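The values are calculated or read from the model by the stated rules, or taken from the named source; none is laboratory data. Here the structure is a predicted model, which is why all the values come from computation and not from measurement. All Cβ positions, even for glycine, are placed from backbone atoms using ideal geometry, and neighbour counts span all protein chains on display. Just the protein is used for accessible areas: all its heavy atoms, side chains included, with ligands, DNA and RNA removed. Shrake-Rupley method; radii C 1.70, N 1.55, O 1.52, S 1.80 Å.
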Amino acid sequence: MSRAGPYLRTNYGQSNEVLPRPYQKTLVVLILVAALILPTISSSFFVHLLNLSFLAAIGALGLMLLTGLCGQISLGQAAFLAVGAYTTVVLDRHAGLPFVLVVPASALAGAVLGFIVGLPSLRFRGVYLAISTLAMHYAIIFVATSYQAKFEKSATSGITINDPSIGSFVLQGDKNWYYFLLVLLTLVTIGCVNLVRTRPGRAWMAIRDRDIAAEALGINLTRYKLMAFVVSSSLAALSGSLLAYYSNVVTVEKYTLDLAVIYVAMIVVGGMGSILGALLGAIFITLLPFGVDQLFSYLPRSWRFGSILFGVQVGMVGLCIILFLLFEPKGLAEIWRRMETYFDRWPFRYRPLDTARH
């Protein structure tokens, strides 16, 4: 049966479309074309910031699947990044494995650790689960610090990693990394979108909304909770491995609890339970400190001391979390949806049902 119109859905396949509105496919194509052209008209520093945003988005997608979709609170995302980075160090420097093997192996190491860390989720929930992931964070950071102190000059000195190579091609330079990360992020995003639409995604949402009812409906809580931790930690380790190669240095000082909170801020600001929200939140939170730095450049020199600037940058992240929780709990994804609805219904007025006056 053919579709009766762009908005009327007559079967399950149509209701499950990723881009149901007519203009959305065109919009996605235009965004991808703009992304391909952007490095040619932008400065090298801005391309560098976009690369950091892409790397953060991969880790944010993993946390979104775990916390936003499955409802399992985690403060261990920085530790999973560290696992990916230090696995890369071991396999690249000590084992001498090539880039195409090191990155999947790092993601696999993160998946194994995610399975182990996910075991407490079978008994704990809420703040107790968050504390268990926090304990895992400090345990992994302790191991990383001990490794760095034993095999390097000191526990605080960075470990250098050479630029990766794929055959005869050496992956270096901001523009080369930009296109590589753009393709990888696109593939990861497509994978996450399709994963949400399959049986595991529906099971995760049922567990998030009410795990007791989900179990009563026949959903295997053990399987799907562990699967959420495995997928999330593997994506975080993948991001950590790529960041190690991109920055050419690994140091334990990067992977602090502040970094874990920043990743939580990404999915809160972006919008819980939304793949688009994870992407928008990662870009917004990554670029926010540099935007604050740019604003400070117009202030008197006495305001530009490092301690003041750093305090404002950190404070802005917390302020954004509070403002979004108060005024837009559904995050940037909801703002984008409202903009879409406005232009889609224009010139007719449209008021969402959840904000309609009674």
Positive-pole candidate from 324, 116, 166, dipole of the chain, charges at beta carbon
324
Express in Å², to the nearest 10, the accessible area of residue 264 obtained by rolling a 1.4 Å probe over the protein heavy atoms while all chains stay in place.
40
Taking the Cα atoms of the chain alone, what are Rg (to one decimal) and Dmax (as a whole number) in Å?
21.5, 69
Let me know the longest stretch in the chain that avoids all chymotrypsin sites (Phe, Trp or Tyr not before Pro) found in a DSSP loop with at most 15 other C-beta atoms within 10 Å.
8-297
The size of the Cβ-based charge dipole (Lys, Arg +1; Asp, Glu -1) of the chain about the Cα centre, to the nearest 20 debye, is 880
Give the accessible surface of the chain per residue, rounded to a whole number of Å², with probe radius 1.4 Å and ligands, DNA and RNA excluded.
53
Compute the Rg/Rh shape ratio of the range 224-272: radius of gyration over Kirkwood radius, all on alpha-carbon atoms.
1.02
Tell me the angle of helix 257-270 to the major Cα principal axis of the chain, expressed in degrees between 0 and 90 and rounded to the nearest ten.
20
So what's the convex hull volume per residue for the Cα atoms of the range 176-335, in Å³?
156
Taking the Cα atoms only, what angle lies between the long axis of helix 331-345 and the longest principal axis of the chain, rounded to 10 degrees?
40
Percentage, to the nearest whole number, of Cα pairs in the range 56-163 over 25 Å apart:
26
So what is the 222 nm mean residue ellipticity for the chain from helices alone, if each DSSP H run of at least 4 adds -39500 (n - 2.57) and you divide by all residues, rounding to the nearest 500 deg cm²/dmol?
-23000 deg cm²/dmol
Using only the alpha carbon atoms of the range 152-257, find the Kirkwood hydrodynamic radius as the inverse mean reciprocal pair distance, in angstroms to one decimal.
16.9
Rounded to one decimal in nm, the spacing of the 7 Å Cα→Cβ label points at residue 43 and residue 131 is 4.8
With a 1.4 Å probe and every protein chain left in place, tell me how much accessible area residue 209 has, in Å² to the nearest 10.
110
May I ask for the angle, rounded to the nearest 10°, between helix 127-151 and the longest principal axis of the chain, with both axes built from Cα atoms and the value confined to 0 to 90°?
30
Along the charge dipole of the chain, pointing to its positive end and built from +1/-1 on Cβ of Lys, Arg, Asp and Glu, which listed residue (295, 196, 90) has its Cα farthest out?
196
Would you rank 137, 94, 48 by solvent-accessible area, highest first, keeping every protein chain in place and using a 1.4 Å probe?
94, 48, 137
Which pairs break 26 Å Cα to Cα here: 175/254; 254/330; 25/330; 150/254?
254/330
